[in-house]
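Trainee: I have a structure I would like to understand better, so I am pasting it below and will then ask my questions one at a time.
The values are calculated or read from the model by the stated rules, or taken from the named source; none is laboratory data. This is a predicted model, so every value here is computed, not measured. Cβ atoms come from the backbone with ideal geometry, glycine included; neighbour counts cover every protein chain shown.
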């Protein structure tokens with residue numbers, strides 16, 4: 001057996017542990033009884049340590065030193081690069097830190113589920129402080145090894161090659177035009193007569209509508225499913241993708257668009273190259289690219305007027321509201337393109353959404369770099385919400401700094417992926433539109449050419465090349481944020 005073959009065998013073994021952990025976490029969020037959390041947390045921590053031991057196995061050092069001497073194909077060399085990148089990252093962290101982080105994150109996230117509803121910042125912050133302390137330790141270890149700042153060292157885990165210096169430039173540019181654009185759009189929409197659909201919309205019927213839209217968007221139900229959780233997510237593995245959502249009987253559009261968003265994530269996972277299954281090179285390139293796919297499905301496709309013309313009759317039939325003026329394509333288009341600053345990120349329209357992301361980015365950047373502490377978060381959150389969106393969250397932790405799951409899990413450096421994803425998605429759409437009439441394809445219910453383009457340019461690339469190379473190959477240029485601004489202007493002002 002060659003050294004490359006031994007590496008492949010080893011990393012596929014590790015992928016099986018990742019598979020088990022993913023399904024255990026899905027069950028923890030959806031099906032597990034309350035009393036099972038302590039044992040589940042300990043089991044996941046043990047699994048994390050076992051995976052870490054495999055990832056840092058001393059044999060890997062020998063294999064990596066020898067594999068470069070073997071005759072490898074271009075794709076195999078790309079595979080080795082990704083293996084080595086993960087190996088180097090894993091070797092930075094001691095096992096006791098990995099275990100401590102897993103235990104702290106599971107405890108914090110599980111308690112958050114009830115603490116958020118109770119607006120209990122004091123109890124939540126106690127758990128969060130432990131998560132942040134451990135995240136700073138990890139960040140410092142990675143920073144010492146890479147020469148990056150503490151925050152950039154964590155950001156690199158989600159968006160390889162991206163730095164806070166680049167993000168500051170991108171986000172400062174967005175902040176320079178976003179407030180005026182929000183104001184212009186609200187002024188334009190002031191006379192729109194929007195009818196709010198009145199519930200109840202039974203959960204069972206909402207679920208059927210969601211499943212129907214997932215089918216329209218090509219989700220493979222033989223390799224995935226839809227369930228309910230406190231916080232919507234897409235998890236599992238490419239051959240067993242788990243989507244979750246939360247339903248509100250007074251508003252069917254929130255869950256529906258959430259499901260469509262997660263379906264974008266799922267299609268990316270299901271479209272990853274099978275020949276590299278179980279290997280680092282066969283995984284999603286970055287969280288920014290991952291978010292670009294969910295936002296392409298949700299924002300670029302499903303909130304378009306032509307796709308809403310597909311949703312409206314399906315919703316009217318499902319809820320037996322055929323003559324309901326609130327569930328018409330015209331009204332749902334107005335409703336789904338309504339720009340209104342709000343408290344909740346996951347419910348935000350695509351114009352105000354970047355403000356939510358930038359706020360979180362600025363707080364977590366300074367938190368990990370040690371410029372602020374957990375106790376400072378509520379005041380900073382309120383100040384930035386007031387500045388960016390004209391809303392106050394003073395004393396409202398539930399709809400403020402406790403609304404997201406990411407920090408509970410220690411996922412610092414993830415939030416920028418959302419707005420980077422929106423920028424990537426707009427750039428992909430601009431390039432795709434040069435090759436085909438996307439609007440006509442949606443109108444004709446012929447979405448396959450759209451999926452084929454994404455499959456060819458994004459999904460099947462896996463991690464064989466960098467994020468920048470994916471963009472260059474697909475669109476002819478590196479990230480160009482102007483496409484995102486142009487998309488918003490075209491949809492909401494023109």
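Trainee: Restrict the check to the stretch 208-230 and report whether at least one residue is farther than 23 Å from residue 301 by Cβ, part of a loop (DSSP other than H, G, I, E, B) and touching a helix residue (DSSP H, G or I) at 6+ places or on another chain (Cβ under 9 Å).
Mentor: Yes, the stretch 208-230 has at least one match.
Trainee: Another one. For the stretch 313-330, how many residues meet the condition of being within 25 Å of residue 422 (Cβ to Cβ) and surrounded by 19 or more Cβ atoms within 10 Å (Cβ to Cβ)?
Mentor: Within the stretch 313-330, residues that are within 25 Å of residue 422 (Cβ to Cβ) and surrounded by 19 or more Cβ atoms within 10 Å (Cβ to Cβ) number 0.
Trainee: Have a look at 273, 378 and point out the one that is over 28 Å from residue 212 (Cβ atoms) and within 23 Å of the chain's Cα centre (by Cα).
Mentor: Exactly one of 273, 378 is over 28 Å from residue 212 (Cβ atoms) and within 23 Å of the chain's Cα centre (by Cα), namely 273.
Trainee: While we're here: Does the stretch 10-19 include one or more residues that are crowded, with 20+ Cβ neighbours inside 10 Å and assigned by TED's automatic domain parsing to the domain that holds residue 130?
Mentor: yes
Trainee: From the list 84, 107, exactly one residue is surrounded by 16 or more Cβ atoms within 10 Å (Cβ to Cβ), within 23 Å of residue 139 (Cβ to Cβ), touching a residue at least 40 places away in the same chain (Cβ under 8 Å) and under 27 Å from the mean Cα position of the chain (by Cα). Which is it? Before the answer, list the steps.
Mentor: Values: 84 fails: touching a residue at least 40 places away in the same chain (Cβ under 8 Å).
On inspection, the qualifying residue turns out to be 107.
Trainee: Related question: Of the residues 159, 187, only one is surrounded by fewer than 20 Cβ atoms within 10 Å (Cβ to Cβ) and farther than 22 Å from residue 318 by Cβ; which?
Mentor: 187
Residues checked against (1) in a helix (DSSP H, G or I); (2) at pLDDT below 95:
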residue: 88; (1), (2): yes, yes
residue: 93; (1), (2): no, yes
residue: 100; (1), (2): yes, no
residue: 123; (1), (2): yes, no
residue: 152; (1), (2): yes, no
residue: 160; (1), (2): no, yes
residue: 166; (1), (2): yes, no
residue: 170; (1), (2): yes, no
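Trainee: Return yes when residue 342 is part of a loop (DSSP other than H, G, I, E, B), in the same structural domain as residue 205 (by TED's automatic domain parsing), more than 30 Å from residue 4 (Cβ to Cβ) and in contact (Cβ under 8 Å) with a residue 40 or more places away in the chain and no when it is not.
Mentor: Values: part of a loop (DSSP other than H, G, I, E, B): yes; in the same structural domain as residue 205 (by TED's automatic domain parsing): yes; more than 30 Å from residue 4 (Cβ to Cβ): yes; in contact (Cβ under 8 Å) with a residue 40 or more places away in the chain: yes.
It is true that residue 342 is part of a loop (DSSP other than H, G, I, E, B), in the same structural domain as residue 205 (by TED's automatic domain parsing), more than 30 Å from residue 4 (Cβ to Cβ) and in contact (Cβ under 8 Å) with a residue 40 or more places away in the chain.
Trainee: So residue 411 passes all but one of these: (1) in contact with a helix residue (DSSP H, G or I) (Cβ under 7 Å, 6 or more places away or on another chain); (2) surrounded by 19 or more Cβ atoms within 10 Å (Cβ to Cβ); (3) modelled with pLDDT of 95 or more. Which condition number does it fail?
Mentor: Exception for residue 411: condition (1).
Trainee: When you scan the stretch 38-56, do you find a residue that is in contact (Cβ under 8 Å) with a residue 12 or more places away in the chain, part of a loop (DSSP other than H, G, I, E, B), crowded, with 17+ Cβ neighbours inside 10 Å and touching a helix residue (DSSP H, G or I) at 6+ places or on another chain (Cβ under 7 Å), even just one?
Mentor: yes
Trainee: Among the residues of the stretch 439-458, which ones are outside any loop (DSSP other than H, G, I, E, B) and surrounded by fewer than 20 Cβ atoms within 10 Å (Cβ to Cβ)?
Mentor: 439, 440, 441, 443, 448, 449, 451, 452, 453, 455, 456, 457
Trainee: Inspect all residues belonging to the stretch 388-401 and state whether any of them is outside any loop (DSSP other than H, G, I, E, B) and either more than 19 Å from the chain's Cα centre (by Cα) or closer than 24 Å to residue 362 by Cβ (or both).
Mentor: There is at least one residue in the stretch 388-401 that is outside any loop (DSSP other than H, G, I, E, B) and either more than 19 Å from the chain's Cα centre (by Cα) or closer than 24 Å to residue 362 by Cβ (or both).
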